[in-house]
Amino acid sequence: MPDFIIKELWALVPTVIYFAVSLVMFGISIWLMEKLCPFSIRKEIEEDQNTSLGILMGAALIALAIVIASVISSESAASPVVAP
């Protein structure tokens, strides 16, 4: 394999790691929100049609996504991959 292909493949490794870490963080954040609320989030959203709770949960996940995206973009800007 040519060297530039190997370098490009190694550049994908941090992306895969960030993807896995962000999925774990999303899972932990949803689990934490469910444990901290004194009521059942699933029941409130699905059965009681609580739209405001759904919007709040979505906003929290979007905020987490923005933080993860900024970390990923700052890391990629700090160490750019230079092709030969």
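The values are calculated or read from the model by the stated rules, or taken from the named source; none is laboratory data. All values reported here derive from a predicted model rather than from experimental measurement. Here the Cβ is made from the backbone with ideal geometry for all residues, glycine too, and neighbour counts use every protein chain on show.
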**Request:** Looking only at region 18-38, count how many residues are exposed (fewer than 11 other Cβ atoms within 10 Å of the Cβ) and either farther than 29 Å from Ala59 by Cα or among the β-branched types (Val, Ile, Thr) (or both).
**Result:** 1
**Prompt:** Do we have any residue at all in region 56-69 that's surrounded by 12 or more Cβ atoms within 10 Å (Cβ to Cβ), more than 19 Å from Phe19 (Cα to Cα) and at pLDDT 85 or above?
**Reply:** yes
